[in-house]
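J.: Submitted below is the structure of interest, expressed as C-alpha cells.
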Amino acid sequence: MIRRIRAQPDHPRQQLLTYTALVVLAAATAACADLPTMPADETDGAKAHEILVARTDIAWASVEDAIGRLVPTLADAAAAEHLRIALVALQNALEDGNGDGVAEAVQAARSTIAAYDRRVGAGNPDAADLEAIRLALP
C-alpha cells in the first residue's frame, strides 16, 4: 500500500526561524551595499563646512579668553608675553583658515608652556592657569 504524504503546515518555531534567517540575510546584504562607500553629496560638504566654522569659532573664543583672562595673571612676565604672542598668532591663523599657521602657533604655545613648567618646577603657582591655557588650545 502506498501512503500518500500530505504537506504539513510548518511548525510556528520553524516559521520564526525562517523569518529570522531572512531578516538577518537582508540586514547583512544591506550592510554590504555600496551606499555607505559612495562619495558624499554636496549637502554633506555644506554641513561639514558649517561644523568646521562652528568649531573654529569655539576655538577662537577659547583662545581669546586665555589671552584676556589667563595670560595676564602669569607670574613670569617674559613667559606671559611669549605665550600671548603665540596665542595671538593662533587666533590670526584660525581667523584666516590657515592650517599650517594653526599648527605652528599651537606648537609654539605648547613649547612656551612646557619651558615655563620646566623652569619653575613642581611648585609652579601658575600650574592651574597653564593647564587651562593648554585646554584652550585646539
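The values are calculated or read from the model by the stated rules, or taken from the named source; none is laboratory data. Everything quoted here is computed from the prediction, not taken from an experiment. We place every Cβ from the backbone using ideal geometry, glycine too, and count neighbours over all the protein chains shown.
Yes or no, residue by residue, for (1) surrounded by 15 or more Cβ atoms within 10 Å (Cβ to Cβ); (2) under 18 Å from residue 72 (Cα atoms); (3) out of contact with any helix residue (DSSP H, G or I) (no Cβ under 7 Å at 6 or more places or on another chain); (4) modelled with pLDDT of 90 or more:
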position	(1), (2), (3), (4)
86	yes, yes, no, yes
89	yes, yes, no, yes
93	yes, no, no, no
96	no, no, yes, no
100	no, no, yes, no
104	yes, no, yes, yes
109	yes, yes, no, yes
115	no, yes, yes, yes
122	no, no, yes, no
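J.: In region 90-107, is there at least one residue being in contact (Cβ under 8 Å) with a residue 60 or more places away in the chain, small (Gly, Ala, Ser), within 14 Å of residue 136 (Cβ to Cβ) and assigned to a helix (DSSP H, G or I)? It would help to see each step written out before you state the result.
T.: Restricting attention to region 90-107, the residues satisfying the condition of being in contact (Cβ under 8 Å) with a residue 60 or more places away in the chain are none.
No, region 90-107 contains no residue that is in contact (Cβ under 8 Å) with a residue 60 or more places away in the chain, small (Gly, Ala, Ser), within 14 Å of residue 136 (Cβ to Cβ) and assigned to a helix (DSSP H, G or I).
J.: Determine, yes or no, whether residue 138 is closer than 28 Å to residue 57 by Cβ and in a loop (DSSP other than H, G, I, E, B).
T.: Details: closer than 28 Å to residue 57 by Cβ: yes; in a loop (DSSP other than H, G, I, E, B): yes.
It is true that residue 138 is closer than 28 Å to residue 57 by Cβ and in a loop (DSSP other than H, G, I, E, B).
J.: For region 121-129, does any single residue satisfy the condition of being part of a helix (DSSP H, G or I) and either within 14 Å of residue 71 (Cβ to Cβ) or touching a residue at least 60 places away in the same chain (Cβ under 8 Å) (or both)? Lay out the reasoning, then the answer.
T.: Step one: of region 121-129, the residues part of a helix (DSSP H, G or I) are 127-129.
Add one more test, that the residue is either within 14 Å of residue 71 (Cβ to Cβ) or touching a residue at least 60 places away in the same chain (Cβ under 8 Å) (or both), and what stays is 128-129.
Yes, region 121-129 contains at least one residue that is part of a helix (DSSP H, G or I) and either within 14 Å of residue 71 (Cβ to Cβ) or touching a residue at least 60 places away in the same chain (Cβ under 8 Å) (or both).
J.: Another one. Before we move on, is residue 31 at pLDDT 65 or above and of a type in the set (Gly, Ala, Ser)?
T.: On the way: at pLDDT 65 or above: no; of a type in the set (Gly, Ala, Ser): yes.
No: the conditions fail for residue 31.
J.: State all residues of region 45-72 that are within 18 Å of residue 108 (Cα to Cα) and either at pLDDT below 80 or of a type in the set (Val, Ile, Thr) (or both); if no residue qualifies, say none.
T.: 63, 67, 71
J.: Of the residues 96, 76, 100, only one is over 25 Å from the mean Cα position of the chain (by Cα) and of a type outside the set (Val, Ile, Thr); which?
T.: Numbers: 96 fails: over 25 Å from the mean Cα position of the chain (by Cα); 100 fails: over 25 Å from the mean Cα position of the chain (by Cα).
Sole residue among the options that is over 25 Å from the mean Cα position of the chain (by Cα) and of a type outside the set (Val, Ile, Thr): 76.
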